[in-house]
Structures are given as C-alpha cells and as structure tokens.
Amino acid sequence: KEGNTIGINASPLIMQCAKDGSVAYEAYRCLIKHILNTTDAAVALIPHVVIANNDDRIPLRNLYEEFAPSGRVLLIEDHNCCELKGYISRCRMFIGARTHATIAAYSTCVPTLVLGYSVKSKGIAWDVFGTEEHYVLPVQEMRNPAELADGFDWLLANEDSIRSHLKCVMPEYIQRAYTAAEAVSRLK
C-alpha cells in the first residue's frame, strides 16, 4: 500500500544484544499484531544485512510466515542498498534495528523508531531530533514486548510533525555529510 505501509527491519543482532532475546523477538510479533489490529496499514518486512550468522531474513521470514495469512504482510527479499532505500522511502513509517536502514528512512523523511543496540542510534537521534526519547528504544533495556507497540503508537500520533521536522532538517544534514566526506577525501 503506497503511502500506508509500515516498514520493519529486524536483526539477529538485536536478539543477541537484548538482555532476553525472546523479549526482543516477541516485541516484533506484538508490534505486527498491533499494527494489523489497530490500523489498515500493510507491513513490509525489509532486510538490510544478509550475511552468514547475521542474516536479517531469518527473523523476518519467521515473522512473515506467522502473519502472511493476513494478506497485509509482505517480505522484501535481498536487494542492493539503493533498492532497499527505495522500498524504505515509500513507507509511511519505519521501525528498524539496522543503523543504515534507519538512516535510509531518516534521509528520505520517513518517521522512524529505532530498536537500538548501540550508542550510534542514540547519537543519530540526538543529531536529528535533539533527543533520543521516543526515537530510540534501547533493546538492552527492553523488559516488556509491548514497549515496541507503545513506541509505534507514539510515532503514529506524531508522524506529521516528525515528517515535517525531517523535511526541514534533512537537506542541511545531508549537505553537512557531503561536506565532511569532501574534507576527509582531501586528507588522503
């Protein structure tokens, strides 16, 4: 559903970094159930890393098999990074674990909730929003699977203002990244 699809990225790394990996996986299950029960949105399960021992397709495929009968959940297969960014950019909102998948969402002005496993996600949220609150759910602190669905509800309630904020800050943010890359390349 163009413009009404919630993109989700899950990672085996999240399960490993969580205090309880089963809580992290259950949080994704609760989130998808919640989206299907409370919205008319579709859900796109989008992998970002597909290497041995760290393949996003494994948890995503398990989620897909459970929710495919709804007719509203699809599994995106592996594609190059530009194609994956294209899928992410067409999402209404994005909930992701992989840093580069969430950067793809931010940079295309898609309201995003990060299921974070490293300090990077907090730093990026601070750069973009001036806070990590409501934008990053640290997986190490997750105790209740419903926390991810609660985070989605906040994102949904604030999606217009988040999207507007992203549209205001992203052009300058992206330009600063290009400027930094040029400065680094001159050092070589």
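The values are calculated or read from the model by the stated rules, or taken from the named source; none is laboratory data. Every value quoted in this text rests on a predicted model; they were computed, and no experiment measured them. Don't worry about glycine lacking a Cβ; one is built from the backbone with ideal geometry, like all the others, and counts go over all protein chains shown. Accessible surface areas use protein heavy atoms only, side chains included; no ligands, DNA or RNA. Shrake-Rupley method; radii C 1.70, N 1.55, O 1.52, S 1.80 Å.
Annotations
- Checking every residue in segment 51-71 against the condition of being in contact with a Gly (Cβ under 8 Å, 6 or more places away or on another chain) and modelled with pLDDT of 95 or more gives zero matches.
- Exactly one residue out of Asn144, Asn158 is closer than 24 Å to Glu2 by Cβ, in contact (Cβ under 8 Å) with a residue 12 or more places away in the chain, of a type in the set (S, T, N, Q) and open to solvent by 30 Å² or more (accessible area, probe 1.4 Å): that is Asn158.
- Scanning segment 108-127 for residues that are closer than 17 Å to Ala97 by Cβ and over 10 Å from the mean Cα position of the chain (by Cα) turns up Tyr117, Ser118, Val119, Lys120, Ser121, Lys122, Gly123, Ile124, Ala125.
- Residue in segment 161-172 that is of a type in the set (S, T, N, Q), open to solvent by less than 70 Å² (accessible area, probe 1.4 Å) and outside any helix (DSSP H, G or I) present: no
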